Amino acid sequence: MISRGERLANYVILSVFAAFALFPIVTILVAAFGPADSGGTAGLGNFAAAWEIGRFDTYLRSSLAVSSFVVVVSVVLSIMSGYAFGTMRFRGQAVLFYLFMLGIMMPSEAIAVPLYFDLRTLGLTDTFWAVALPQVALSVAFGTFWMRAYFRASNRAIVEAARIDGASTWRILWQVLVPPARPAVVTLTVLVFMWTWNEFLIPLIMVTSESLRTAPLGLAFFQGQYTSGFTLLAAGSVIVATPVVIFYLFLQRHFIRGLLQGAVRE
């Protein structure tokens, strides 16, 4: 039984950490809605000015297209590879799985330059694929590890019953195992979306066309080229971060359930 003093101390410590984490966010929001550095508009006018000057409509469309593609492809491939590694036995399984894990251990900074020359040889630089495909590869590595842990801990009796009833491997995966795995899949979806949306290095190296710049990259160019004031930069930062916040809040319940389920997995 936790005493009242221990409970109070826990609340105080958590409150301090919460204030420490929220302070930068509150600072950005206050600056974004405050008076402009040039003495012009304030409030929502800052967002309108940043949207027009920074061309964030183009950058957000590009980020949305890349993130949607990466999320869909990565999650589908991760489910299939996690199912294979988690429920099947085949030759070279351990070696192949650890090869997948290199994608988690290898930072994007270590592969960005050689990857650029490989894609340039294939004629893919400065294209949508140069931004999306490397992030699919990096996301599938973690997704395979995540879904493998879930499928290895799944109820084998249900799988065996489905096989006795004549269900194929594909039917067992998509109709028997995937529906109960929705929290794990949603958690993976949210993580991949956030990682892809916030990725900066790969778009910076792979593309030069303004129409292909993602939102974080566009924000960096906005800071360097269009304004030196903090107010419009803060407004642009809020614009870039808003889709991720909305996406997380919409799936928050399933995301937390998936993390809690993952805490008792491997």
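Laid out as a table, the results:
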{"quantity": "Residue check for residue 154: over 22 Å from the mean Cα position of the chain (by Cα) and of a type in the set (S, T, N, Q)", "calculated": "yes"}
{"quantity": "Output for the stretch 89-136, where each listed residue is over 20 Å from residue 198 (Cβ atoms), part of a loop (DSSP other than H, G, I, E, B) and open to solvent by 70 Å² or more (accessible area, probe 1.4 Å)", "calculated": "89, 90, 91, 122"}
{"quantity": "Subset tally (residues that are out of contact with any helix residue (DSSP H, G or I) (no Cβ under 7 Å at 6 or more places or on another chain), at pLDDT 90 or above and of a type in the set (Val, Ile, Thr)) for the stretch 98-146", "calculated": "2"}
{"quantity": "Search result, residues across the stretch 64-84 that are farther than 24 Å from residue 99 by Cα, open to solvent by less than 20 Å² (accessible area, probe 1.4 Å) and either free of Cβ contacts under 8 Å to residues at least 60 places away in the same chain or not β-branched (Val, Ile, Thr) (or both)", "calculated": "67"}
{"quantity": "Count of residues meeting criterion [surrounded by fewer than 20 Cβ atoms within 10 Å (Cβ to Cβ), touching a helix residue (DSSP H, G or I) at 6+ places or on another chain (Cβ under 8 Å) and more than 24 Å from residue 76 (Cβ to Cβ)] in the stretch 180-215", "calculated": "6"}
{"quantity": "Some residue of the stretch 159-174 being open to solvent by 20 Å² or more (accessible area, probe 1.4 Å) and touching a residue at least 24 places away in the same chain (Cβ under 8 Å)", "calculated": "no"}
{"quantity": "Test: residue in the stretch 137-147 that is without any contact (Cβ under 8 Å) to a residue 40 or more places away in the chain, closer than 29 Å to residue 251 by Cα and not in a helix (DSSP H, G or I)", "calculated": "no"}
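The values are calculated or read from the model by the stated rules, or taken from the named source; none is laboratory data. Computed from a predicted model, the values in this text were never measured in an experiment. Virtual Cβ from ideal backbone geometry, glycine too; neighbours counted across all protein chains shown. These area figures cover heavy atoms from the full protein model, side chains too; ligands, DNA and RNA do not enter into them. Shrake-Rupley method; radii C 1.70, N 1.55, O 1.52, S 1.80 Å.
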